[in-house]
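Undergrad: Below is a structure I'd like to ask you about.
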Amino acid sequence: MPEEKFCQLRFCRRGNVRLRRATKARFSYLHMKYLFFSWLAVFVGSWVVYVEYSSYTELCRGHECKNSICDKFQKGVIDGSACNSLCEKDTLYLGKCLSAKPSNQVYSGSWGDMEGIIKCQMEEDPHYDLGAELEPRKESASFNRPTKGTSMEKFKEMVFSHLKAKVGDQANLADLVTLVLGVADSNKDGQISLSEAHSAWALLQLNEFLLSIVLQEREHTPRLLGFCGDLYVMEKVPYVPLYGVSLPWMVELWIPASMRRSIDQWAAPSWPRKAKIAIGLFELVEDLFHGTFGSFLMCDISAAGFGYTERHDIKVVDARRILPEAAFQEVMRERRCEEDSDCMYGRDCLTSCDLTKHRCTTEVTQPNLAKVCSTLKDYLLYGAPSDIKDELDKQLYACIALKGASEQMEMEHSLILNNLKTLLWKKISHTKDS
């Protein structure tokens with residue numbers, strides 16, 4: 001009996017030793033696992049911080065732009081209504097960086113008691129180009145045109161020729177020249193100095209600046225508050241983008257597309273307000289289609305390019321891809337191609353490839369209205385009143401089906417545009433949102 005107890009005790013001790021060893025090994029394994037994942041988390045976190053910092057420093061170069069602009073202002077090369085505030089009084093302040101490309105610096109900011117969006121070009125020589133995106137350059141515009149000794153009359157001729165090349169030979173082109181010269185005279189003394197002319201000429205190369213002048217009486221673009229060289233300040237639009245919620249990119253990676261759409265719809269204004277915003281966008285299309293100073297093409301119709309005010313009036317917040325049809329056609333005519341995809345500009349302006357000449361044709365396959373309807377379809381149909389939903393769906397699909405090269409396109413375009421505006425307006429005209 002004592003021997004039996006002794007054996008049991010010995011086996012028990014051995015079992016305890018094994019248990020302690022197993023526990024120790026398991027603890028060591030868990031410890032190593034914890035250390036590994038901790039190291040991995042630190043590594044990934046450091047990498048994310050590095051990538052974000054690198055992206056920020058590459059994208060956000062506002063101090064370089066300001067230094068370059070102010071250096072030229074102090075040397076008397078450029079002048080404009082925003083120069084003193086930016087370079088001497090420091091009342092024009094660059095705030096949050098909103099840049100999406102290094103070559104196009106965008107900042108929210110303040111100018112005295114006004115909030116604005118400040119945009120500055122980081123290219124050596126701003127010019128009109130429909131090709132691939134330009135690589136960021138180290139300097140902004142050289143501001144060497146017009147040259148010293150250019151008379152006011154000669155400068156006016158330069159502006160006239162430039163605008164004719166961009167918008168075509170319009171009957172009222174002289175009126176557009178007058179508008180441009182009025183903006184160029186930043187101190188409103190009735191004269192345009194050489195430094196003011198340098199600034200105006202650099203700005204004229206930019207689609208967004210030209211469109212702000214063309215549409216200044218239609219209120220579809222934010223007001224131009226001032227400029228200095230090719231840096232310019234636009235009125236801030238309170239609600240951007242047109243629809244959807246801006247989320248951190250890390251969150252975007254993990255959200256399914258269906259959930260993303262649900263979040264966007266949940267955050268959207270009420271349906272009557274969405275209808276008013278849509279009517280404004282349709283009116284913008286109308287103004288760009290055979291407008292006062294020729295036709296313009298919308299080559300990037302994404303929600304990020306538009307916003308709206310407290311009163312739900314539409315505003316274009318990024319007009320870099322809204323360009324004169326005449327200039328677009330001139331460049332596409334010379335572009336070589338092997339297939340239709342070679343004839344794409346931006347996200348939304350596609351022409352066809354003439355395989356006999358291996359040149360792009362000049363007519364876009366879809367008009368502006370069809371592209372706008374495609375962008376607005378889900379936005380408008382979600383939450384639409386049941387008594388007009390089917391008709392609205394029908395009208396939107398007819399709109400999306402519009403073709404740019406159709407013989408009856410202009411008539412169909414006008415008919416569908418009027419039908420959509422009338423349908424929406426009748427439904428909201430009796431509400432406070434109208």
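Undergrad: Kindly indicate whether Thr365 is closer than 15 Å to Leu297 by Cα, open to solvent by 30 Å² or more (accessible area, probe 1.4 Å), touching a Ser or Thr at 6+ places or on another chain (Cβ under 7 Å) and not small (Gly, Ala, Ser).
TA: Yes, satisfied.
Every residue, every condition in (1) at pLDDT 95 or above; (2) closer than 26 Å to Phe209 by Cβ, yes or no:
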| position | (1), (2) |
| --- | --- |
| Ala327 | no, yes |
| Tyr345 | no, yes |
| Cys353 | yes, no |
| Gly383 | no, no |
| Glu391 | yes, no |
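Undergrad: Also, quick follow-up: Looking at the range 91-124, which of its residues are surrounded by fewer than 16 Cβ atoms within 10 Å (Cβ to Cβ) and within 18 Å of Phe143 (Cβ to Cβ)?
TA: Glu124, the sole residue that qualifies.
Undergrad: Continuing with the same structure: Filter the range 369-389 down to residues that are among the hydroxyl-bearing types (Ser, Thr, Tyr) and either open to solvent by less than 40 Å² (accessible area, probe 1.4 Å) or not in a helix (DSSP H, G or I) (or both) and give me whichever is nearest to Ser295 (Cα to Cα).
TA: Thr375
Undergrad: Can you pull out the residues in the range 215-239 that are touching a Leu at 6+ places or on another chain (Cβ under 9 Å), open to solvent by 20 Å² or more (accessible area, probe 1.4 Å) and touching a residue at least 60 places away in the same chain (Cβ under 8 Å)?
TA: Passing the criteria: Arg218, Glu235.
Undergrad: Tally up the residues in the range 194-206 that are open to solvent by 20 Å² or more (accessible area, probe 1.4 Å) and either at pLDDT below 95 or of a type in the set (A, V, I, L, M) (or both), please.
TA: So the answer is 3.
Undergrad: Output the qualifying pairs, or none if there are none: Cβ atoms under 6 angstrom, residues six or more apart or on different chains, first residue in the range 65-90 and touching a residue at least 12 places away in the same chain (Cβ under 8 Å) and open to solvent by 60 Å² or more (accessible area, probe 1.4 Å), second residue among the basic types (Lys, Arg) and assigned to a loop (DSSP other than H, G, I, E, B).
TA: none
Undergrad: Report the residue count in the range 397-432 for those that are under 17 Å from Pro272 (Cα atoms), within 27 Å of the chain's Cα centre (by Cα) and either open to solvent by 30 Å² or more (accessible area, probe 1.4 Å) or without any contact (Cβ under 8 Å) to a residue 60 or more places away in the chain (or both).
TA: The number of residues fulfilling the criteria is 1.
Undergrad: Hey, another quick one. Within the range 267-288, restricting attention to residues that are touching an Asp or Glu at 6+ places or on another chain (Cβ under 8 Å) and farther than 17 Å from Cys373 by Cβ, which residue is most open to solvent (accessible area, probe 1.4 Å)?
TA: That would be Arg273.
The values are calculated or read from the model by the stated rules, or taken from the named source; none is laboratory data. Remember, it's a predicted structure, so these values are computed and weren't measured experimentally. Note: ideal-geometry Cβ built from the backbone for every residue, glycine included; neighbour counts use all protein chains shown. Side chains are part of the model used for accessible areas, which takes the heavy atoms of the whole protein and leaves out ligands, DNA and RNA. Shrake-Rupley method; radii C 1.70, N 1.55, O 1.52, S 1.80 Å.
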